[in-house]
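Take a look at the structure below.
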Amino acid sequence: MLKYKSVILNESSICTGEITEGLFLRRYGVDIGFHCSISGSKGYVNAIIEANRFHLTAMQIFAKSPRCWRTRELKPLEAENFRAARALSQLRTCAIHSSYLINLGVEGELWQKSIQSLKDDLDKAHMLGIEYIVLHPGSLNIDHVRNGIFEALHQSPSTATLLIENAAGGDQRLGRKFEDIARLIENTTLGVCLDTCHAFAAGYPIHEDPQAFLDHLDALIGLERIPVIHFNDSRADFASGIDRHASLLEGKINDSLKYFLQEPRLQDKAFIIEIAPEKFLHNLGVIYQWQQEITVLKP
Ligand SMILES: [Zn+2]
């Protein structure tokens, strides 16, 4: 069996398709991607160029700087170029990660600014033809969060699906417990984005019994409502409440994450790794290695 250390990954092997040919995503439908950058002279299209370099089938972007309220202008021509570039790419799943400043669980000016920021992401998703928006909803006030989400949806023409992401910690934050997310999305068309790093840090033992964890999620939320998985390992300890992403095989969850790739119930999901670009090749190498093993395990 091919060992990870023996996998030679470099730019040329990626570009010739030598790597992607063996990928699980081609054979079983899983989409694989990274969070890509829209910075640079080509703007939004830059993210697709980055995705194409690695033959990705999934991609996430920030539609503006995620740590300031100021928005980023998106001209119709730029949006058109993005749509055209995507149509020529292998991308099957695209998501916008909303601003980290959003908190829909509070009152007053911050709530209003949060709605405007979310509406801005929804409008951009509409222009760019992006189907998912990932959202950290904010403080634990389910009714307030829900009202804020629906206000933003009401103000935007977008038909993108909002995915609530689970959080690593914070008792006062909505998202650490999946029970709260389940209550928020009940009787709505909202979905969920599962972040494996955050679940581990929040105290879900996905490293010991990933199957039981998925059974729990399926019963509580329904796996069909979780189209996107943030496939991150964790630098921080189990149940630490600390959000520190790590590359595959470089964190505390380690090779237990392989289970998620081979789980039949997750074969229609997009697996997106949120890591610095210099670690893209390392993570693709691990996935390639795991897929070789999974292929062996499959009948
Ligand atoms: Zn995430």
Handout entry: Among Gly251, Gly108, Phe150 - extreme Cα towards positive end, dipole of the chain, charges at beta-carbon
Key = Gly251
Practice task
Provide the per-residue ³J(HN,Hα) series for the stretch 132-147, in order, calculated from phi with Karplus coefficients 6.51, -1.76, 1.60 and θ = phi - 60°, each as a whole number of Hz, with x at glycine and proline positions.
Solution key: 10, 10, 9, 9, 8, x, x, 5, 7, 9, 4, 5, 5, 4, 5, 4
Fill in the blank from the handout: Length gained if Glu107 through Glu250 is fully extended, taking 0.36 nm per residue and subtracting the Cα-Cα distance, is 47.5 nm
Handout entry: In Hz, Karplus ³J(HN,Hα) per residue of the stretch 180-191 (6.51, -1.76, 1.60; θ = phi - 60°; x = Gly, Pro)
Key = 5, 4, 4, 5, 5, 8, 4, 6, 10, 9, 5, x
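On a full-extension model of 0.36 nm per residue, what is the gain between Asp218 and Cys68, subtracting their alpha-carbon distance, rounded to one decimal in nm? Mind dumping the intermediate values first?
Details: separation 150, 0.36 × 150 = 54.00 nm, distance 3.55 nm.
Additional length available on full extension: 50.5 nm.
What's the longest bit of the chain with no exposed GluC sites (Glu not before Pro), using DSSP loop states and at most 12 other Cβ atoms within 10 Å as the test?
Working: sites that count: Glu73, Glu107, Glu186, Glu208.
For GluC sites (Glu not before Pro) (loop position, at most 12 other Cβ atoms within 10 Å), the longest site-free span of the chain is 209-299.
Take every DSSP beta bridge whose two residues both sit in the chain, then give the antiparallel share in percent to the nearest 5. It would help to have the intermediate numbers written out before the result.
Working: 4 of 32 bridges.
The antiparallel proportion sits near 10 percent.
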Problem - Nearest-20 debye value, the stretch 145-211 charge dipole, Cβ charges on Lys, Arg, Asp, Glu - result: 200 debye
Problem - Amide H partners (placed H, <5 Å) of Cys193, local residues excluded - result: Ile164, Glu165, Asn166
Problem - Taking the chain and dividing mean pair separation by its residue count, relative contact order in percent (alpha carbons under 8 Å, at least six apart) - result: 18 percent
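About the Cα centre, and with charges only on the beta carbon of Lys, Arg (+1) and Asp, Glu (-1), how big is the dipole of the stretch 231-299? Nearest 20 debye, please.
120 debye
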Practice task
Could you check the simple spin-label distance between Gln155 and Ser41, using points 7 Å along Cα→Cβ, in nm with one decimal?
Solution key: 3.6 nm
Problem - Check: the stretch 24-297 dipole with +1 on Lys, Arg Cβ and -1 on Asp, Glu Cβ, in debye - result: 820 debye
Problem - When the convex hull of its Cα atoms is projected in every direction, mean area for the chain (nm²) - result: 15.0 nm²
Exercise for the section: Could you work out which residue, out of Thr71, Thr196, Thr188, moves most in a Gaussian network model of the chain, that is, has the largest mean-square fluctuation with Cα springs under 10 Å? Expected result: Thr188
Completion exercise
In this structure, among Lys113/Lys258; Lys124/Lys258; Lys119/Lys258; Lys124/Lys279, pairs with alpha-carbon gaps over 32 Å are Lys113/Lys258; Lys124/Lys258; Lys119/Lys258
Exercise for the section: Work from the charge dipole of the chain (Cβ charges, +1 for Lys and Arg, -1 for Asp and Glu, about the Cα centre) and give the residue of Asn46, Ile61, Val228 farthest towards its positive end. Expected result: Asn46
Practice task
Before rounding to the nearest 500, sum -39500 (n - 2.57) across all DSSP H runs of length at least 4 in the chain and divide by the residue total; then give [θ] at 222 nm in deg cm²/dmol.
Solution key: -11500 deg cm²/dmol
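Values in this text are rule-based calculations from the coordinates and carry no lab data. Only a predicted model underlies this, so the values are computations on that prediction, with no experimental measurement involved. Every residue, glycine among them, receives a Cβ derived from its backbone with ideal geometry; neighbour counts consider all protein chains shown.
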